[in-house]
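*Asks:* Take a look at this one; I'll ask things after.
The values are calculated or read from the model by the stated rules, or taken from the named source; none is laboratory data. The shown structure was predicted, so the numbers you read here are calculated from the model rather than taken from an experiment. Virtual Cβ from ideal backbone geometry, glycine too; neighbours counted across all protein chains shown.
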């Protein structure tokens, strides 16, 4: 399954996803600049991404903890998600995300 990631410079990367890995794990495994300081515990907002609009309805609903953590994110938008909370599945093959700005 593919995860298509646009980095902060606008370069597009097509990554090979793994079943049951989070999008965050796939992005970090590809050595893209995503801090993910809490390691995927949904305890920070440093794995913040923007999900392409065409994919938003296909993602599971946000849980309260993710919503609260996004309050600490930089430049949060309607399509903001924490990549640690997006589990890769066959249904998400081709998912497109953009890395959000880094926190200061």
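*Asks:* Mind listing whichever residues of segment 12-35 are surrounded by fewer than 20 Cβ atoms within 10 Å (Cβ to Cβ) and either within 12 Å of residue 97 (Cα to Cα) or in contact with a helix residue (DSSP H, G or I) (Cβ under 7 Å, 6 or more places away or on another chain) (or both)?
*Replies:* Across segment 12-35, the qualifying residues are 12, 13, 14, 15, 18.
*Asks:* If you don't mind, there's one more thing I want to ask. Which of (1) without any contact (Cβ under 8 Å) to a residue 24 or more places away in the chain; (2) in a loop (DSSP other than H, G, I, E, B) is the odd one out, the single condition residue 45 does not satisfy?
*Replies:* Single failed check for residue 45: (1).
*Asks:* Name every residue in segment 76-104 that is free of Cβ contacts under 8 Å to residues at least 40 places away in the same chain and over 14 Å from the mean Cα position of the chain (by Cα), in order of residue number. Reasoning before the result, please.
*Replies:* We begin by selecting, within segment 76-104, every residue free of Cβ contacts under 8 Å to residues at least 40 places away in the same chain; these are 76-81, 91, 104.
Matches in segment 76-104: 91, 104.
*Asks:* Moving on. Would a scan of segment 10-26 turn up a residue that is in a loop (DSSP other than H, G, I, E, B), farther than 12 Å from residue 83 by Cβ and either free of Cβ contacts under 8 Å to residues at least 24 places away in the same chain or within 12 Å of the chain's Cα centre (by Cα) (or both)?
*Replies:* yes
*Asks:* Counting just the residues of segment 53-73 that are in contact (Cβ under 8 Å) with a residue 24 or more places away in the chain and part of a helix (DSSP H, G or I), which one comes out nearest to residue 16 (Cα to Cα)?
*Replies:* The residue in question is 55.
*Asks:* Here's a follow-up. Suppose we keep only residues that are in contact with a helix residue (DSSP H, G or I) (Cβ under 9 Å, 6 or more places away or on another chain) and assigned to a loop (DSSP other than H, G, I, E, B) within segment 74-104. Which one would you say is surrounded by the fewest Cβ atoms within 10 Å (Cβ to Cβ)?
*Replies:* Per the criteria, the residue is 78.
*Asks:* Could you tell me whether any residue of segment 59-69 is modelled with pLDDT under 95, crowded, with 19+ Cβ neighbours inside 10 Å and within 18 Å of residue 102 (Cα to Cα)?
*Replies:* Yes - at least one qualifying residue is present in segment 59-69.
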